1. Residue 60 fails exactly one of the following numbered conditions: (1) among the polar types (S, T, N, Q); (2) under 26 Å from residue 153 (Cβ atoms); (3) at pLDDT below 90. What is the number of that condition?
2. Please enumerate the residues belonging to region 4-27 that are under 22 Å from residue 43 (Cα atoms) and among the small types (Gly, Ala, Ser).
3. Out of 97, 53, which single residue is at pLDDT 85 or above and either farther than 25 Å from residue 122 by Cα or surrounded by 10 or more Cβ atoms within 10 Å (Cβ to Cβ) (or both)?
4. Report the residue count in region 28-50 for those that are among the small types (Gly, Ala, Ser) and either closer than 30 Å to residue 78 by Cα or surrounded by 12 or more Cβ atoms within 10 Å (Cβ to Cβ) (or both).
Amino acid sequence: MLTTLLVAQLPLSSDEAGIHNLPDGSSPYGVFLQSNTTTAMTPQEVHALGLRQVARIESQMDQVLRELGYSQGSVEERFEALEASLQPPSEPDPRPQLIPLPGPKFQILEMRTLTYHEGVPGHHFQIALQQESKDDLPEFRRKRVFGRLLAFTEG
C-alpha cells in the first residue's frame with residue numbers, strides 16, 4: 001500500500017531539494033533567519049559568507065596537504081588520498097601496527113599528544129578492542145563502517 005502511494009508520487013517529485021524550488025519558496029529563508037538566529041544578514045549575505053568561508057578553509061587545506069606531500073589533484077582528491085592512508089585494515093591484524101605520521105615533514109617534539117591519541121593507549125588499543133569484541137558490540141562498531149569520524153571513534 002505504501003509502495004503504491006510512493007510510486008504514484010514519483011512523477012511529481014524532482015531531484016531539486018529545498019523550499020526555494022516551491023512557488024515563492026525563497027521568502028521563508030529570511031523569516032527563518034530572523035526567527036532562528038540573531039543575525040541581521042539576508043539569506044543572500046549568509047550564502048555569500050558561507051562561500052567565502054569554504055574558499056578560506058579549502059585554501060588552508062590546500063596548504064597543509066601540500067606540506068604533507070599531497071600536491072596532485074583537487075583538494076577533495078588529496079584529502080581522500082590522505083584519509084585512505086590513515087584507515088586501519090578491515091580485519092584485525094595480529095602484527096604490530098605503525099601509526100602513519102603526517103609526513104614527509106613533522107615535528108617530533110610536538111607530536112607526543114598525537115602519539116598518545118593515535119597509538120598506545122589511544123585509538124590503536126581502542127580499535128583493536130572494538131574489532132575483537134565479537135559479542136559485545138554491533139558489527140557496525142566493530143568494523144567502523146561509518147569511517148573514522150564516527151562519534152564512537154573520536155567521541
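The values are calculated or read from the model by the stated rules, or taken from the named source; none is laboratory data. Keep in mind that this is a model prediction, so the values were computed, not measured. When we count neighbours, we look across all protein chains shown, and the Cβ atoms used for this are built from the backbone with ideal geometry, even at glycine.
1. With respect to (1) among the polar types (S, T, N, Q); (2) under 26 Å from residue 153 (Cβ atoms); (3) at pLDDT below 90, residue 60 is out only on (3).
2. 17, 18, 25, 26, 27
3. Values: 97 fails: at pLDDT 85 or above.
The match here is 53.
4. From region 28-50, those among the small types (Gly, Ala, Ser) are 30, 35, 40, 48, 50; that's our starting set.
So of that shortlist, the ones also either closer than 30 Å to residue 78 by Cα or surrounded by 12 or more Cβ atoms within 10 Å (Cβ to Cβ) (or both) come out as 30, 48, 50.
Of the residues in that region, 3 qualify.
Residues are listed down the side, and each one gets a yes or a no for (1) closer than 30 Å to residue 33 by Cα; (2) modelled with pLDDT of 75 or more:
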position: 49; (1), (2): yes, yes
position: 66; (1), (2): no, yes
position: 71; (1), (2): no, yes
position: 89; (1), (2): no, no
position: 138; (1), (2): no, yes
position: 145; (1), (2): no, no
position: 148; (1), (2): no, no
position: 153; (1), (2): no, no
